[in-house]
Every structure is written in structure tokens, then in C-alpha cells.
């Protein structure tokens with residue numbers, strides 16, 4: 001499963017007693033080749049989501065599909081995959097995905 005030792009290291013360095021447990025597992029959803037792909041926007045919350053997109057749709061052509069993400073690691077994965085990042089959170093102006101999405105939609109609907 002996907003994880004890093006950042007929190008464990010922080011706790012260890014501060015001599016805080018803790019027990020490691022698995023809180024969740026990241027599982028890719030496999031799509032069939034005939035899966036309809038008719039979306040205006042895709043939102044990703046971890047690099048694993050980008051990996052899943054590229055695994056399931058290796059010939060994915062972004063065209064007009066907007067892509068949004070949460071967090072710097074996910075933003076890096078979007079860019080590393082050669083995709084256009086249209087919405088990123090958190091930012092000072094949009095500290096949550098909801099706020100970023102609201103700003104994005106308002107900006108798009110100005111025209």
C-alpha cells in the first residue's frame with residue numbers, strides 16, 4: 001500500500017509513544033475498454049489517482065477536460081504525467097478543494 005514515514009518519523013523524533021496501524025488502503029478501480037469517458041472535470045486527491053487514470057486509459061487525451069488536484073504531491077504527479085493542471089488546492093485563496101472548485105466554476109462562468 002502507499003504511505004510514507006513522515007508522521008512516524010516526527011513522532012519518533014519527539015519520543016512520542018505510538019502504534020502504527022493501517023487506516024485505509026488505496027485501491028485502483030479498473031475500467032473496461034468500453035467504459036464511457038464523458039467528464040467535464042476530473043479531481044484527484046493522491047498521486048495514486050493519476051496512476052490509475054494512466055493505467056486504465058493509457059491513450060488518455062485531456063483535450064477540454066479540466067483536471068484538479070489536492071496537495072503538492074498530486075500536483076507533481078499530474079504534471080509528471082504530462083497533463084494540464086487547471087485547479088490546485090490548497091492555496092491561500094482556496095484552502096479547501098470545495099473553495100478551489102467554487103472559485104474555478106465562478107471564473108469559468110464569467111463569460
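Taken together, the values in this text are just the output of simple stated rules run on the coordinates, not laboratory data. Small disclaimer: the values here were computed from a predicted structure and weren't measured. Please note: Cβ atoms are built from the backbone with ideal geometry, for glycine as well, and neighbour counts cover all protein chains shown.
Starting from the Cα of residue 20, step 7 Å along the direction of its Cβ; do the same at residue 108; then give the gap between the two resulting points in nm. Taking the simple label geometry, residue 20 and residue 108 are separated by 4.0 nm.
Estimated from helices alone, the mean residue ellipticity of the chain at 222 nm is -10000 deg cm²/dmol (sum of -39500 (n - 2.57) over DSSP H runs with n ≥ 4, per residue). Can you figure out the FRET efficiency of residue 98 with residue 37, using R₀ = 25 Å and their beta-carbon distance, to the nearest 0.05? Here the calculated transfer efficiency is 0.50. Kirkwood-type hydrodynamic radius, the range 50-111: 12.5 Å, calculated from all non-identical alpha-carbon pairs. Of the labelled figures [x] -0.49, -1.01, -1.20; [y] -0.40, -0.79, -1.01; [z] -0.36, -0.78, -1.06, only one reflects log10 I(q)/I(0) by the Debye sum over Cα atoms at q = 0.10, 0.15, 0.18 Å⁻¹ as derived from the coordinates, namely [y].
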